[in-house]
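Here is the structure we will look at, set down as structure tokens.
The values are calculated or read from the model by the stated rules, or taken from the named source; none is laboratory data. Only a predicted model underlies this, so the values are computations on that prediction, with no experimental measurement involved. Here Cβ is always computed from backbone atoms with ideal geometry, including for glycine, and neighbour counts include all displayed protein chains. Each accessible area value is taken on the protein alone, full model and side chains, heavy atoms only, with ligands, DNA and RNA left out. Shrake-Rupley method; radii C 1.70, N 1.55, O 1.52, S 1.80 Å.
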Amino acid sequence: MNDTAPIDTAATAGFRDLVRQASTLFRQVVTEQRANVGARESGTVVEVSRGIVTVVGLPNVQSDELLRFAGDRYGFAFNLDRHRVGCVLLDEGESLQSGTTVQRTGRVLDTPVGEALLGRVIDPLGRPLDGGRRLSGLERQPCEHAAPEIMRRAAVSVPLQTGMKVIDGLIPIGRGQRQLVLGDRQTGKTSIAVDTIINQRDSGVICVYCSIGQRSTNVARVIASLRAHDAMDHAIVVIGADDAPPGVQFIAPYAATTIAEYFMQRGQDVLIVYDDLTSHARAYRHVSLLLRRPPGREAFPGDIFFVHSRLLERSTHLRDKDGGGSLTALPIIETEAQNVSGYIPTNLISITDGQIYLSPKLFHLGVLPAVDVGRSVSRVGGKTQLPAYRRVAGDLRLAYSQFEELEKFARFSSQLDDDTRRALDRGLRVREVLKQPRHELLSVPEQIGSMAALTSGAFDSISVEQIRAAEQMIHGGLREALPEVCDRIVAGEKMDDRDFKQLESFVRQTVSADVQVE
Ligand code: ATP
Ligand code: MG
């Protein structure tokens, strides 16, 4: 017999087609069967604890399937054991007791998506929390999604302007980047995120603010700030409230990401804020411990890293062929006693593309935003920064870090040489320029104007206290004096020597005129 007889390729291709059709048909039949069984199958509650119930009698239930309890309350299947199902509640469970019936819905956990959500405040299941009309008839998508594959992603290439000099100048963020904001309690973490959302008013970036386990007064303040600055038109607020069951807090960021992805998939740029993932980790620990999943470090379940990484992997910049949309993430983490090497902070630092660290010491010194430049980094945003920044902010980071070191030593020595004194004087001015009150956001040319005054030495001739007024003069007159330079800066063109000279002479004149007025 001839072993090397040619293979009939047409016949094998036909056979392969047949197998593919059969397997598709088989899958359809199984799915329909499951849905039919799902609609009919009902079980019974056998155990109730805070936010969790155990159910028997649902042998075909799927992971993450929505379950309906008597009294129109909902939960989802989380632990699938052989004879029982651990279910996480999405409504208060006071009325639930042993013996309550549970109905399968055949639907996995999902959330409404669409343009109609803009301007609304909702819970993760899409129920309005702003007293507005019910959101009915909207498309619903599963809260859990696989992240886009590597081949569908493109490099981060467009900057996301926050309007804050210290971030846009020294720790720039790109669209599609994941930038962690971390710091102790009350150091201005939420303020940075809210200001970034407000600054997107004219940029066309859609913003989703997801609050997880935050006090309702704080959330109300955020919403009031967004409304007061006309930022709700391009924003959606998703709340997993601190008094809601832990299950709601746990699913809130996934639902918010699904809502954000809807816009990204349509080619739009989206920003999502998770405030904060420390509370999210705690909510997950709560449900896991009650479901008797084995605890690991700091009693968090072993897969907490996976829980956060699969969430943040969904943020990306899609390639042009897939619409070119992007999802930028600003996850927030609360540290304890400035310990950035805790379990959750180190996990998140390794998942994200950089971090903005807020220091309580700077906060108490009144240096706001309290960004510790030396401990903050942006690993991908630098490539997206507008070229004009490189010209004026290139050396600022190093000068500022050197200043912080010198400042510590200068306290112990009364006699300083001229070089040290000069570096200290310059550093104090850098710090002053990097300060920025809340909600007073600056356009790109305004930021460049301030930094040009700093790097050209124009601010060296005035006292630190006079800088704020001088900056305001620069911002007020810049566009009128140099409209073309401003346009070129915004268009992302390189600032040539002529442009820089013009800018420099403008800031010098303005600063000296300001001093004379005084
Ligand atoms: P929490 O840990 O409670 O969530 P947080 O770190 O999110 O706090 P914020 O609520 O943003 O901090 O801010 C704390 C306080 O600091 C607020 O009262 C806010 O007004 C003030 N603050 C923050 N940033 C600035 C700023 N740039 N200028 C002036 N005040 C600021
Ligand atoms: Mg906060």
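Assorted remarks:
- Selection from the stretch 37-55 of residues that are assigned to a helix (DSSP H, G or I) and either open to solvent by less than 90 Å² (accessible area, probe 1.4 Å) or modelled with pLDDT of 85 or more (or both): V37, G38, A39
- Exclusive hit being of a type in the set (D, E, K, R), closer than 19 Å to R127 by Cα and more than 14 Å from ligand 2 (Cβ to nearest atom), set D230, D243: D243
- Screening the candidates R227, R285 for the property of being open to solvent by 30 Å² or more (accessible area, probe 1.4 Å) and out of contact with any helix residue (DSSP H, G or I) (no Cβ under 8 Å at 6 or more places or on another chain) yields one hit, R227.
- Among the residues listed as G247, G323, G267, the single one being closer than 28 Å to L138 by Cα, surrounded by 16 or more Cβ atoms within 10 Å (Cβ to Cβ) and not basic (K, R): G247
- Residues (open to solvent by 10 Å² or more (accessible area, probe 1.4 Å) and either within 16 Å of ligand 2 (Cβ to nearest atom) or touching a strand residue (DSSP E or B) at 6+ places or on another chain (Cβ under 9 Å) (or both)) located in the stretch 326-341: E334, E336, Q338, V340
- In the stretch 178-193, the residue that is farthest from ligand 1 (Cβ to nearest atom) out of those that are among the polar types (S, T, N, Q) and in a loop (DSSP other than H, G, I, E, B) is Q179.
- Pairing each residue of the stretch 360-375 that is within 14 Å of L170 (Cα to Cα) and touching a residue at least 12 places away in the same chain (Cβ under 8 Å) with any residue that is away from ligand 1 (no atom under 13 Å from the Cβ) and not charged (D, E, K, R), provided the two are 6+ apart or on different chains, yields C-beta distances under 6 Å for V373/L170; V373/Y400; G374/S401.
- Considering only residues in the stretch 322-346 that are in contact (Cβ under 8 Å) with a residue 12 or more places away in the chain and part of a helix (DSSP H, G or I), the one that is farthest from ligand 1 (Cβ to nearest atom) turns out to be D322.
- Long-range neighbours under 8 Å by Cβ, at least six apart or interchain, first residue in a helix (DSSP H, G or I) within the stretch 260-282, second among the small types (G, A, S) and open to solvent by 10 Å² or more (accessible area, probe 1.4 Å): M264/G323; S279/G213; H280/G213; R282/G213
- Restricting S157, S211 to those that are in contact with a Gly (Cβ under 8 Å, 6 or more places away or on another chain), of a type in the set (S, T, N, Q) and buried (at least 21 other Cβ atoms within 10 Å of the Cβ) reduces the list to S211.
- Selection status of Q141, at pLDDT 95 or above, in contact with a helix residue (DSSP H, G or I) (Cβ under 8 Å, 6 or more places away or on another chain), outside any loop (DSSP other than H, G, I, E, B) and surrounded by fewer than 23 Cβ atoms within 10 Å (Cβ to Cβ): yes
- Among the candidates D91, D168, D130, residue that is among the charged types (D, E, K, R), under 25 Å from L226 (Cα atoms) and assigned to a loop (DSSP other than H, G, I, E, B): D130
- S211 being part of a strand (DSSP E or B), within 16 Å of the chain's Cα centre (by Cα), within 23 Å of T346 (Cα to Cα) and within 13 Å of ligand 1 (Cβ to nearest atom): yes
- In the stretch 200-219, the residues that are free of Cβ contacts under 8 Å to residues at least 40 places away in the same chain and polar (S, T, N, Q) reach residues that are open to solvent by 10 Å² or more (accessible area, probe 1.4 Å) and more than 11 Å from ligand 2 (Cβ to nearest atom) with C-beta atoms within less than 9 angstrom, at least six apart or across chains, in these pairs: S216/I239; S216/A241; S216/D242; S216/D243.
- Which listed residue, of I349, I356, is within 13 Å of ligand 1 (Cβ to nearest atom) and either closer than 20 Å to A193 by Cα or assigned to a loop (DSSP other than H, G, I, E, B) (or both): I356
- Within the stretch 388-441, being hydroxyl-bearing (S, T, Y) and either assigned to a helix (DSSP H, G or I) or surrounded by 14 or more Cβ atoms within 10 Å (Cβ to Cβ) (or both) holds for Y389, Y400, S401, T420.
- Test result for R293, charged (D, E, K, R), modelled with pLDDT under 95, surrounded by fewer than 21 Cβ atoms within 10 Å (Cβ to Cβ) and more than 16 Å from ligand 2 (Cβ to nearest atom): yes
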